[in-house]
Amino acid sequence: MENFNVVREIQELKNQLSYCKNIGFFFGAGTSAALGIPDISVLTKSIEESLNGELLKNFKIIKVNLETGLSEPKINIEDILNQTRRIREITGEKEENKYIEINGRSAKELDVGICKKIYEIISQKEIEANLQNTTKFLAWLNMQNRDFSKEIYTSNYDMIFEKSLERIQIPYFDGFVGSYEPFFLPESVDKFVKNFDLTKSWIRLWKIHGSLSWFWKKDEDARTFKIVRIGKTDNVPDDINEIVIYPSREKYASSRKQPFVAYFDRLKNYLSEGELLFIVSGYSFSDQHINEIIFNSLRLNNRLFIIVFSYSDSSVEDLYKLSSSFLNISAFGPHKAINNGELKEWIFTEEENENYDLYWDKNDKKLTIGDFNNLVNFFITNSGKKEKIEQIANDK
(Lines give C-alpha, C1' and ligand atoms only; values in the text may rest on other atoms or scores of the structure.)
Protein backbone atom coordinates (compact mmCIF):
# COMPACT_ATOMS: atom_id res chain seq x y z
CA MET A 1 0.00 0.00 0.00
CA GLU A 2 1.47 3.34 -1.09
CA ASN A 3 2.50 5.80 1.62
CA PHE A 4 1.48 9.47 1.74
CA ASN A 5 3.40 11.87 -0.49
CA VAL A 6 4.32 14.72 1.86
CA VAL A 7 4.74 17.34 -0.90
CA ARG A 8 1.30 16.64 -2.35
CA GLU A 9 -0.35 16.67 1.07
CA ILE A 10 1.28 20.00 1.91
CA GLN A 11 0.12 21.46 -1.40
CA GLU A 12 -3.41 20.39 -0.52
CA LEU A 13 -2.99 21.98 2.91
CA LYS A 14 -1.91 25.25 1.30
CA ASN A 15 -5.04 25.21 -0.86
CA GLN A 16 -7.24 24.63 2.17
CA LEU A 17 -5.64 27.55 4.03
CA SER A 18 -6.09 29.80 1.00
CA TYR A 19 -9.69 29.03 0.15
CA CYS A 20 -11.41 28.01 3.37
CA LYS A 21 -13.57 30.86 4.65
CA ASN A 22 -13.85 29.72 8.26
CA ILE A 23 -10.72 28.61 10.13
CA GLY A 24 -10.50 28.00 13.89
CA PHE A 25 -7.66 26.91 16.17
CA PHE A 26 -7.09 24.75 19.22
CA PHE A 27 -3.75 24.95 21.03
CA GLY A 28 -2.60 22.48 23.67
CA ALA A 29 0.39 22.34 26.00
CA GLY A 30 2.80 21.55 23.16
CA THR A 31 2.49 25.07 21.76
CA SER A 32 3.51 26.67 25.05
CA ALA A 33 6.24 24.04 25.51
CA ALA A 34 7.70 25.16 22.17
CA LEU A 35 8.12 28.63 23.74
CA GLY A 36 9.81 27.34 26.90
CA ILE A 37 6.76 26.97 29.17
CA PRO A 38 6.97 23.65 31.08
CA ASP A 39 4.69 20.87 29.87
CA ILE A 40 2.53 18.89 32.27
CA SER A 41 5.18 16.30 33.19
CA VAL A 42 7.87 18.91 33.86
CA LEU A 43 5.39 21.07 35.78
CA THR A 44 4.34 18.10 37.94
CA LYS A 45 7.94 17.33 38.85
CA SER A 46 8.76 21.00 39.55
CA ILE A 47 5.78 21.42 41.86
CA GLU A 48 6.58 18.27 43.85
CA GLU A 49 10.17 19.46 44.28
CA SER A 50 9.02 22.91 45.46
CA LEU A 51 6.57 21.72 48.14
CA ASN A 52 7.54 20.89 51.71
CA GLY A 53 6.06 19.99 55.08
CA GLU A 54 2.42 18.95 55.25
CA LEU A 55 1.75 20.06 51.67
CA LEU A 56 4.40 17.69 50.30
CA LYS A 57 3.22 14.88 52.57
CA ASN A 58 -0.39 15.18 51.37
CA PHE A 59 0.75 15.62 47.76
CA LYS A 60 2.54 12.25 47.95
CA ILE A 61 -0.40 10.55 49.66
CA ILE A 62 -2.70 11.55 46.79
CA LYS A 63 -0.12 10.65 44.16
CA VAL A 64 0.41 7.16 45.61
CA ASN A 65 -3.34 6.66 45.98
CA LEU A 66 -3.91 7.52 42.30
CA GLU A 67 -1.03 5.32 41.14
CA THR A 68 -2.36 2.25 42.98
CA GLY A 69 -3.53 -0.36 40.53
CA LEU A 70 -2.09 1.34 37.44
CA SER A 71 0.27 -0.79 35.35
CA GLU A 72 2.03 2.31 33.98
CA PRO A 73 1.53 5.19 36.44
CA LYS A 74 1.44 8.52 34.60
CA ILE A 75 -0.07 10.72 37.27
CA ASN A 76 0.27 14.44 36.56
CA ILE A 77 -0.52 17.62 38.43
CA GLU A 78 -4.01 17.88 36.92
CA ASP A 79 -4.87 14.40 38.21
CA ILE A 80 -3.63 15.41 41.66
CA LEU A 81 -5.60 18.67 41.59
CA ASN A 82 -8.72 16.81 40.55
CA GLN A 83 -8.39 14.32 43.43
CA THR A 84 -7.60 17.12 45.89
CA ARG A 85 -10.80 18.88 44.91
CA ARG A 86 -12.79 15.68 45.29
CA ILE A 87 -11.50 15.45 48.86
CA ARG A 88 -12.54 19.07 49.47
CA GLU A 89 -16.00 18.21 48.16
CA ILE A 90 -16.33 14.96 50.14
CA THR A 91 -15.15 16.46 53.43
CA GLY A 92 -16.87 19.80 53.06
CA GLU A 93 -13.42 21.36 53.75
CA LYS A 94 -13.89 20.50 57.45
CA GLU A 95 -10.91 19.56 59.57
CA GLU A 96 -12.79 16.78 61.37
CA ASN A 97 -13.66 15.00 58.10
CA LYS A 98 -11.02 12.87 56.36
CA TYR A 99 -10.52 10.92 53.16
CA ILE A 100 -7.35 8.82 52.53
CA GLU A 101 -5.76 10.35 55.63
CA ILE A 102 -6.30 13.94 54.44
CA ASN A 103 -8.78 16.24 56.17
CA GLY A 104 -10.87 18.90 54.45
CA ARG A 105 -8.82 21.85 55.66
CA SER A 106 -5.58 20.26 54.50
CA ALA A 107 -7.09 19.47 51.09
CA LYS A 108 -8.04 23.11 50.60
CA GLU A 109 -4.57 24.25 51.67
CA LEU A 110 -2.98 21.77 49.24
CA ASP A 111 -5.20 22.98 46.37
CA VAL A 112 -4.28 26.62 47.03
CA GLY A 113 -0.61 25.72 47.55
CA ILE A 114 -0.36 23.80 44.27
CA CYS A 115 -2.05 26.57 42.31
CA LYS A 116 0.28 29.18 43.81
CA LYS A 117 3.27 27.09 42.74
CA ILE A 118 1.83 26.75 39.24
CA TYR A 119 1.41 30.53 39.14
CA GLU A 120 4.99 31.15 40.30
CA ILE A 121 6.61 28.62 37.95
CA ILE A 122 4.70 29.51 34.79
CA SER A 123 4.82 33.27 35.43
CA GLN A 124 8.61 33.12 35.67
CA LYS A 125 8.86 31.10 32.46
CA GLU A 126 6.58 33.60 30.71
CA ILE A 127 9.07 36.36 31.48
CA GLU A 128 11.82 34.32 29.83
CA ALA A 129 9.71 33.25 26.82
CA ASN A 130 10.30 34.71 23.36
CA LEU A 131 6.91 35.89 22.07
CA GLN A 132 8.02 36.57 18.49
CA ASN A 133 6.36 33.56 16.88
CA THR A 134 3.14 33.97 18.84
CA THR A 135 2.88 37.61 17.79
CA LYS A 136 3.59 36.62 14.17
CA PHE A 137 0.84 34.02 14.27
CA LEU A 138 -1.66 36.47 15.76
CA ALA A 139 -0.69 39.19 13.27
CA TRP A 140 -1.26 36.67 10.46
CA LEU A 141 -4.61 35.59 11.91
CA ASN A 142 -5.72 39.18 12.40
CA MET A 143 -5.01 39.94 8.73
CA GLN A 144 -7.29 37.19 7.47
CA ASN A 145 -10.31 38.68 5.68
CA ARG A 146 -12.92 36.11 6.61
CA ASP A 147 -16.69 36.22 6.91
CA PHE A 148 -16.52 34.54 10.29
CA SER A 149 -15.13 35.39 13.72
CA LYS A 150 -11.54 34.35 14.45
CA GLU A 151 -11.61 31.84 17.31
CA ILE A 152 -8.78 30.41 19.40
CA TYR A 153 -9.42 27.68 21.98
CA THR A 154 -6.63 26.68 24.32
CA SER A 155 -6.18 24.37 27.29
CA ASN A 156 -3.11 26.35 28.45
CA TYR A 157 -3.24 28.46 31.63
CA ASP A 158 -0.37 30.77 30.74
CA MET A 159 -0.75 34.34 29.51
CA ILE A 160 1.29 33.95 26.31
CA PHE A 161 -1.61 34.74 23.97
CA GLU A 162 -2.82 37.70 26.01
CA LYS A 163 0.65 39.22 26.22
CA SER A 164 1.24 38.70 22.50
CA LEU A 165 -2.14 40.17 21.49
CA GLU A 166 -1.63 43.26 23.63
CA ARG A 167 1.97 43.62 22.51
CA ILE A 168 0.80 44.25 18.91
CA GLN A 169 -2.46 45.87 20.03
CA ILE A 170 -4.92 43.40 18.53
CA PRO A 171 -8.36 43.57 20.17
CA TYR A 172 -9.63 40.31 21.65
CA PHE A 173 -12.46 39.07 23.84
CA ASP A 174 -12.57 36.27 26.42
CA GLY A 175 -16.04 36.57 27.94
CA PHE A 176 -15.03 38.86 30.81
CA VAL A 177 -16.37 42.41 31.05
CA GLY A 178 -15.63 45.33 33.33
CA SER A 179 -12.57 47.29 34.38
CA TYR A 180 -12.01 47.26 38.14
CA GLU A 181 -12.54 43.51 38.63
CA PRO A 182 -13.74 42.10 35.29
CA PHE A 183 -16.42 39.46 35.78
CA PHE A 184 -17.51 36.62 33.54
CA LEU A 185 -20.64 37.18 31.43
CA PRO A 186 -21.80 33.80 30.02
CA GLU A 187 -24.34 35.43 27.68
CA SER A 188 -21.48 37.06 25.78
CA VAL A 189 -19.97 33.63 25.07
CA ASP A 190 -23.23 31.95 24.10
CA LYS A 191 -23.94 34.33 21.23
CA PHE A 192 -22.08 34.37 17.90
CA VAL A 193 -21.47 37.84 16.45
CA LYS A 194 -23.43 39.17 13.49
CA ASN A 195 -21.99 40.85 10.41
CA PHE A 196 -22.86 44.35 11.62
CA ASP A 197 -21.24 43.84 15.05
CA LEU A 198 -18.26 46.15 15.63
CA THR A 199 -16.45 43.40 17.56
CA LYS A 200 -16.70 40.81 14.79
CA SER A 201 -13.08 41.41 13.77
CA TRP A 202 -11.86 40.86 17.35
CA ILE A 203 -10.11 37.59 18.09
CA ARG A 204 -12.03 35.31 20.46
CA LEU A 205 -9.78 33.66 23.06
CA TRP A 206 -11.41 30.84 25.01
CA LYS A 207 -9.23 29.35 27.78
CA ILE A 208 -11.10 26.16 28.52
CA HIS A 209 -8.89 25.05 31.44
CA GLY A 210 -8.74 28.43 33.15
CA SER A 211 -6.04 31.07 33.38
CA LEU A 212 -3.35 32.43 35.64
CA SER A 213 -5.33 35.68 35.63
CA TRP A 214 -8.57 34.20 37.02
CA PHE A 215 -9.21 34.04 40.75
CA TRP A 216 -12.01 33.08 43.10
CA LYS A 217 -13.22 36.00 45.19
CA LYS A 218 -15.67 35.64 48.05
CA ASP A 219 -18.77 37.78 47.92
CA GLU A 220 -19.31 38.46 51.63
CA ASP A 221 -22.86 39.75 51.14
CA ALA A 222 -24.11 36.79 49.11
CA ARG A 223 -21.81 34.30 50.89
CA THR A 224 -20.76 32.87 47.54
CA PHE A 225 -17.68 32.94 45.35
CA LYS A 226 -17.30 34.56 41.97
CA ILE A 227 -14.54 34.44 39.37
CA VAL A 228 -12.74 37.69 38.63
CA ARG A 229 -9.97 38.41 36.17
CA ILE A 230 -7.05 40.53 37.29
CA GLY A 231 -4.37 42.19 35.22
CA LYS A 232 -0.63 42.13 35.65
CA THR A 233 0.34 41.71 39.30
CA ASP A 234 3.39 40.62 41.24
CA ASN A 235 1.50 39.90 44.46
CA VAL A 236 -1.93 38.29 44.44
CA PRO A 237 -4.20 39.81 47.12
CA ASP A 238 -5.06 37.44 49.98
CA ASP A 239 -8.81 37.77 49.45
CA ILE A 240 -8.56 36.40 45.90
CA ASN A 241 -5.65 34.02 46.33
CA GLU A 242 -7.29 30.88 44.92
CA ILE A 243 -6.43 30.67 41.25
CA VAL A 244 -8.98 29.25 38.79
CA ILE A 245 -7.24 26.64 36.67
CA TYR A 246 -8.05 23.14 35.49
CA PRO A 247 -11.74 22.38 36.00
CA SER A 248 -12.38 19.37 38.19
CA ARG A 249 -15.22 17.02 37.30
CA GLU A 250 -17.44 18.87 39.74
CA LYS A 251 -16.75 22.14 37.93
CA TYR A 252 -17.79 20.66 34.59
CA ALA A 253 -21.23 20.02 36.01
CA SER A 254 -21.62 23.15 38.10
CA SER A 255 -23.05 26.61 37.63
CA ARG A 256 -23.46 28.17 34.21
CA LYS A 257 -21.74 31.21 35.69
CA GLN A 258 -18.40 29.44 35.47
CA PRO A 259 -16.36 30.01 32.30
CA PHE A 260 -15.48 26.33 31.87
CA VAL A 261 -19.04 25.27 31.11
CA ALA A 262 -19.75 28.22 28.80
CA TYR A 263 -16.52 27.67 26.87
CA PHE A 264 -17.21 23.98 26.34
CA ASP A 265 -20.71 24.80 25.12
CA ARG A 266 -19.19 27.35 22.76
CA LEU A 267 -16.71 24.79 21.40
CA LYS A 268 -19.50 22.26 20.86
CA ASN A 269 -21.67 24.76 18.98
CA TYR A 270 -18.70 26.11 17.02
CA LEU A 271 -17.70 22.66 15.73
CA SER A 272 -21.22 21.42 15.07
CA GLU A 273 -22.55 24.04 12.68
CA GLY A 274 -21.49 24.83 9.13
CA GLU A 275 -18.27 24.60 7.16
CA LEU A 276 -15.13 24.84 9.28
CA LEU A 277 -11.43 24.02 9.05
CA PHE A 278 -10.29 23.43 12.62
CA ILE A 279 -6.53 23.33 13.18
CA VAL A 280 -5.13 21.60 16.27
CA SER A 281 -1.54 22.03 17.48
CA GLY A 282 0.22 20.82 20.61
CA TYR A 283 -2.73 18.77 21.90
CA SER A 284 -2.24 15.09 22.79
CA PHE A 285 -5.95 14.14 22.91
CA SER A 286 -5.64 13.13 26.54
CA ASP A 287 -8.67 15.10 27.82
CA GLN A 288 -11.75 12.92 27.61
CA HIS A 289 -14.19 15.82 27.79
CA ILE A 290 -12.54 17.72 24.92
CA ASN A 291 -12.25 14.52 22.87
CA GLU A 292 -15.95 13.78 23.33
CA ILE A 293 -16.88 17.18 21.90
CA ILE A 294 -14.44 16.89 18.99
CA PHE A 295 -15.42 13.39 17.88
CA ASN A 296 -19.15 13.96 18.35
CA SER A 297 -18.82 17.05 16.15
CA LEU A 298 -16.92 15.07 13.50
CA ARG A 299 -19.76 12.55 13.54
CA LEU A 300 -22.56 15.11 13.31
CA ASN A 301 -21.06 17.74 11.02
CA ASN A 302 -19.80 16.45 7.68
CA ARG A 303 -18.69 19.98 6.76
CA LEU A 304 -16.18 20.02 9.61
CA PHE A 305 -12.59 19.09 8.80
CA ILE A 306 -9.89 18.87 11.46
CA ILE A 307 -6.14 18.94 10.84
CA VAL A 308 -3.85 17.96 13.71
CA PHE A 309 -0.17 18.90 13.79
CA SER A 310 1.77 16.55 16.07
CA TYR A 311 5.30 16.89 17.41
CA SER A 312 5.73 13.11 17.77
CA ASP A 313 4.71 10.02 15.81
CA SER A 314 3.45 8.37 19.00
CA SER A 315 0.80 11.11 19.27
CA VAL A 316 -0.30 10.36 15.71
CA GLU A 317 -0.52 6.64 16.50
CA ASP A 318 -2.56 7.33 19.66
CA LEU A 319 -4.90 9.60 17.72
CA TYR A 320 -5.40 6.94 15.06
CA LYS A 321 -6.79 4.57 17.70
CA LEU A 322 -9.47 7.18 18.42
CA SER A 323 -10.13 8.49 14.93
CA SER A 324 -9.74 5.63 12.44
CA SER A 325 -13.48 5.55 11.71
CA PHE A 326 -13.56 9.24 10.71
CA LEU A 327 -12.66 10.51 7.24
CA ASN A 328 -12.84 14.21 8.14
CA ILE A 329 -9.77 14.36 10.38
CA SER A 330 -6.13 14.18 9.34
CA ALA A 331 -2.89 14.36 11.29
CA PHE A 332 0.63 15.41 10.32
CA GLY A 333 3.47 13.87 12.36
CA PRO A 334 7.24 13.82 11.77
CA HIS A 335 7.29 10.46 9.94
CA LYS A 336 3.65 9.32 9.99
CA ALA A 337 0.29 10.79 9.05
CA ILE A 338 -3.43 10.08 9.13
CA ASN A 339 -5.59 10.73 6.08
CA ASN A 340 -8.95 9.28 5.00
CA GLY A 341 -8.98 6.99 8.02
CA GLU A 342 -5.59 5.47 7.22
CA LEU A 343 -2.28 5.63 9.08
CA LYS A 344 0.79 5.63 6.82
CA GLU A 345 4.35 6.88 6.67
CA TRP A 346 5.54 9.85 4.66
CA ILE A 347 7.42 9.55 1.40
CA PHE A 348 9.25 12.54 -0.02
CA THR A 349 9.87 13.33 -3.68
CA GLU A 350 11.37 16.63 -4.78
CA GLU A 351 9.32 18.81 -7.10
CA GLU A 352 10.29 21.94 -8.98
CA ASN A 353 9.34 25.35 -7.57
CA GLU A 354 8.46 23.87 -4.19
CA ASN A 355 10.02 25.39 -1.07
CA TYR A 356 9.97 22.20 0.95
CA ASP A 357 12.51 23.57 3.47
CA LEU A 358 9.51 25.25 5.10
CA TYR A 359 8.14 21.93 6.28
CA TRP A 360 10.61 19.11 5.56
CA ASP A 361 13.99 18.33 7.12
CA LYS A 362 15.90 16.64 4.31
CA ASN A 363 18.68 15.40 6.59
CA ASP A 364 16.44 13.81 9.22
CA LYS A 365 13.76 12.96 6.63
CA LYS A 366 10.90 14.28 8.72
CA LEU A 367 8.08 16.81 8.68
CA THR A 368 8.85 19.76 10.96
CA ILE A 369 5.57 21.69 11.27
CA GLY A 370 4.47 19.66 14.29
CA ASP A 371 6.58 22.20 16.16
CA PHE A 372 4.55 25.36 16.78
CA ASN A 373 7.42 27.67 15.82
CA ASN A 374 7.86 25.98 12.44
CA LEU A 375 4.10 25.88 11.90
CA VAL A 376 3.88 29.65 12.36
CA ASN A 377 6.69 30.20 9.86
CA PHE A 378 4.83 27.95 7.41
CA PHE A 379 1.60 29.93 7.83
CA ILE A 380 3.11 33.38 7.39
CA THR A 381 5.38 32.40 4.48
CA ASN A 382 2.52 30.70 2.65
CA SER A 383 0.36 33.82 3.14
CA GLY A 384 2.58 35.94 0.90
CA LYS A 385 2.61 38.63 3.60
CA LYS A 386 5.62 37.47 5.60
CA GLU A 387 7.53 40.75 5.38
CA LYS A 388 4.57 42.82 6.56
CA ILE A 389 3.76 40.34 9.39
CA GLU A 390 7.36 40.32 10.62
CA GLN A 391 7.41 44.11 10.55
CA ILE A 392 4.32 44.22 12.77
CA ALA A 393 5.89 41.75 15.20
CA ASN A 394 9.29 43.47 15.26
CA ASP A 395 7.98 47.02 15.64
CA LYS A 396 6.59 46.33 19.11
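Listed values, structure above:
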{"item": "Too-long pairs where the Cα-Cα distance tops 27 Å, listed order kept, from Lys200/Lys388; Lys60/Lys336; Lys336/Lys388; Lys14/Lys150; Lys117/Lys207", "result": "Lys60/Lys336; Lys336/Lys388"}
{"item": "Selected from Asp111, Asp197, Asp79 as most flexible by GNM, with the chain as the system and alpha-carbon contacts under 10 Å", "result": "Asp197"}
{"item": "Cα gyration tensor category, rounded, prolate or oblate, for the range 37-191 with a/c compared to 1.5", "result": "prolate"}
{"item": "Paramagnetic reach from Asn340 in the range 300-329 [backbone N under 16 Å; point 7 Å along Cα→Cβ]", "result": "324-329"}
{"item": "Rounded accessible area of Glu12 (nearest 10 Å², 1.4 Å probe)", "result": "90"}
{"item": "Fluctuation leader among Ser18, Ser297, Ser272 - the chain, Gaussian network, Cα springs under 10 angstrom", "result": "Ser18"}
{"item": "Size of the range 1-110 as Cα extents on the principal axes (Å, biggest first)", "result": "64, 33, 28"}
{"item": "Within straight-line cross-link reach of Lys63, aspartates and glutamates at Cα separation under 17 Å, skipping those fewer than 8 residues along the same chain", "result": "Glu48, Glu49, Glu54, Glu72, Glu78, Asp79, Glu101, Glu109, Asp111"}
{"item": "Within straight-line cross-link reach of Lys194, aspartates and glutamates at Cα separation under 14 Å, skipping those fewer than 8 residues along the same chain", "result": "Asp147"}
{"item": "Test item: Cα-centred dipole of the chain, Lys/Arg +1 and Asp/Glu -1 on Cβ, debye", "result": "840"}
{"item": "Peptide ranges 319-325, 187-193 listed from the most packed, as the mean C-beta count within 10 angstrom indicates", "result": "319-325, 187-193"}
{"item": "Extension gain, Gln169 back to Ile347 (0.36 nm per residue minus Cα-Cα distance, nm)", "result": "59.9 nm"}
{"item": "Spin-label pair Tyr180/Phe196, simplified geometry with 7 Å Cα→Cβ offset, distance in nm", "result": "3.4"}
{"item": "At least 27 Å along the helix axis (C-alpha) and Kyte average at least -0.5, DSSP helices within the chain", "result": "104-128"}
{"item": "Carbon plus sulfur fraction of accessible area for the range 287-376, probe 1.4 Å, in percent", "result": "42"}
{"item": "Cα-based equivalent ellipsoid of the chain: semi-axis lengths in Å, sorted from largest, via gyration tensor", "result": "37, 25, 20"}
{"item": "Kirkwood hydrodynamic radius of the range 130-196, Cα pairs, Å", "result": "13.7"}
{"item": "Accessible surface, per residue, of the chain when the full set of protein chains is kept, probe 1.4 Å, Å²", "result": "50"}
{"item": "Charge-dipole axis of the chain as Lys and Arg at +1 and Asp and Glu at -1 on Cβ define it, positive-most pick from Phe27, Tyr356, Leu51", "result": "Phe27"}
{"item": "Carbon/sulfur fraction of accessible area - the range 19-121, other protein chains in place, 1.4 Å, %", "result": "48"}
{"item": "Modelled FRET efficiency - R0 41 Å, Ser188 with Gln16, Cβ distances, 0.05 increments", "result": "0.85"}
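The values are calculated or read from the model by the stated rules, or taken from the named source; none is laboratory data. Fair warning: this is a prediction, and the values are worked out from it, not measured in the lab. Note that we place each Cβ from the backbone using ideal geometry, even for glycine, and neighbour counts take in every protein chain shown. To get the accessible areas, we keep the full protein, side chains included, count just its heavy atoms, and leave off ligands, DNA and RNA. Shrake-Rupley method; radii C 1.70, N 1.55, O 1.52, S 1.80 Å.
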